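All of the numbers you see were taken from the coordinates with simple rules; none came from a lab. Please read these numbers as outputs of a predicted model, since none were measured by experiment. Here Cβ is always computed from backbone atoms with ideal geometry, including for glycine, and neighbour counts include all displayed protein chains.
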Amino acid sequence: AACPEPLVVMRISHDGQGPPLTGPPIALQAPYDWRLPPDVGPLRTLHDMQALASSPLERQAPSSPGTRRLSVPSGNESAFGNESVAGRVHYFMTTDSNFYGSRVKMALDTFAGLLPKDRFMAIGDLPYEGDDSRFNVLATECEPHSHWEGSCCKYGKALAQAYIMFQRDPTLAWAYFFDDDMYIVPRNLEKRLSWERDPKDRGLLLAQHFGCHENCDVGMCAGGGFAVNRRAVIRAVNGNPKRMQADMMRYCSECGRWSDVAIANVYFFAGVEFRTIQGSHPWRLGKSQFDMSLLGLPYAYHYIKTKAQMDLLHRLFTGPGDPPDLEVAYPREAQCTCFEGKVVCAQSTWESDIPWTIMHGTDQRRLFYTCLAKAHAKQIAPKASDFPTPPPWEELARQDERVRNQDGGYMGWIIALSTLSLGAWLLWRSCRRRPAFARVLALGRGKLPEPQSAGPPAQRIGSP
């Protein structure tokens with residue numbers, strides 16, 4: 001309180017992989033008022049705020065002598081210079097006519113149903129012939145049911161359609177492209193996009209991973225989707241969608257028929273800047289990794305192919321969640337997860353019911369139990385009798401250590417017996433070739449070899 005300078009606190013979020021991502025800074029006036037604006041959201045722990053960083057925040061006129069104040073980002077602006085992009089992102093899903101009634105419908109029943117109809121489009125091959133008015137499918141002449149040339153063609157058509165959308169709607173700022181087996185959290189994606197700016201006006205392409213290039217100059221792993229801003233789309237198409245489509249198919253044939261690598265080369269040779277963004281998960285996560293990803297700002301999960309997996313994620317991010325029953329959830333840690341005081345549980349630990357893979361570990365239990373206890377305490381008045389005594393972390397660690405030691409002991413015995421058996425066999429093979437050992441074997445079998453007659457004594461050379 002004695003320091004007249006304002007305190008700038010950076011929110012740090014981490015997805016379990018890659019460097020931490022800093023969120024909008026929070027400026028607190030001295031004497032510091034820790035009642036943060038509601039749009040900022042709760043700060044998690046001191047461990048999540050390990051850095052104090054300066055930021056190009058705009059200074060305001062001092063409210064009183066000797067006091068300086070920094071502007072606090074509102075809900076519609078970011079300290080990184082860009083306005084909010086909420087409602088200004090167009091979502092393009094590449095799909096196939098085989099999945100209109102399954103994956104596309106699951107998306108419309110969950111996250112895509114929360115978007116305006118004119119902000120979501122599925123890029124397919126054949127026309128949609130159903131009667132669901134929510135479907136907005138662009139039929140193309142691309143090869144049906146093809147993960148290679150057909151997928152490359154759809155990526156190019158999606159880019160051309162994004163160009164048309166940007167021409168029609170000047171309020172659009174970004175386009176996001178993703179596969180039909182993904183779950184998207186639109187509010188988290190739009191919040192991350194609002195932190196990005198393009199000072200050089202080259203256009204931006206944001207993805208989780210770059211690389212994966214095959215026989216080409218650049219590449220991109222688009223399993224987690226990718227986003228491009230208005231300037232990137234305009235530069236990539238350059239007023240000629242047909243030529244862009246031809247370049248796309250040429251790169252497709254040169255780059256191993258991978259659609260994400262081909263589209264990356266289209267943007268690269270258009271001079272678009274590539275930038276890494278955290279928050280998408282292109283591969284299935286283990287249970288502990290999944291729980292860790294919820295500490296950050298996740299916006300995409302890949303390989304979500306069943307309705308049970310999609311519904312669980314939708315309940316986790318948008319629904320009320322399940323009652324935080326400690327007696328039920330503690331033994332079901334492998335099929336339950338917790339996020340912001342909400343607990344959701346799958347019907348079973350079958351791979352088709354859960355959006356993660358089963359991995360056991362103390363860190364997983366610690367994250368899950370801590371969130372579960374907070375959720376339980378939030379719902380009911382805490383009483384000592386209401387909380388079953390959870391096993392302490394030291395006991396969990398000892399249990400894991402005993403399991404590892406037991407497994408290691410079994411393996412040690414197996415290795416020792418295998419070594420002894422191998423040594424005995426090698427000894428047998430080496431000894432059975434010696435005459436003395438062969439005589440011993442014959443004695444044991446009762447078959448002595450006939451004694452060889454001794455010949456005349458050898459004459460010494462040179463003897464008389």
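Label positions at Thr171 and Glu340, each projected 7 Å from the Cα along the C-beta direction, are separated by 2.4 nm. Entry note: the stretch 124-253 has Rg to Rh equal to 0.95, where both radii use alpha-carbon atoms and Rh is the Kirkwood radius.
Note on the stretch 116-139 and the stretch 201-268: Cα centroid distance 24 Å, given to the nearest whole angstrom. Projected label points at Cys431 and Lys200, each 7 Å from Cα along the beta carbon direction, are separated by 7.6 nanometres.
Hey, which of these cross-link pairs are over 32 Å Cα-Cα: Lys154/Lys307; Lys157/Lys191; Lys242/Lys307; Lys191/Lys305; Lys200/Lys305; Lys191/Lys307?
Too far apart for the 32 Å limit: Lys242/Lys307; Lys200/Lys305.
Working value for the stretch 236-291: equivalent-ellipsoid semi-axes of 30, 14, 8 Å, each the square root of 5 times a Cα gyration tensor eigenvalue, largest first.
Pairwise inverse Cα distances across the stretch 192-319, averaged and inverted, put the Kirkwood hydrodynamic radius at 16.1 Å.
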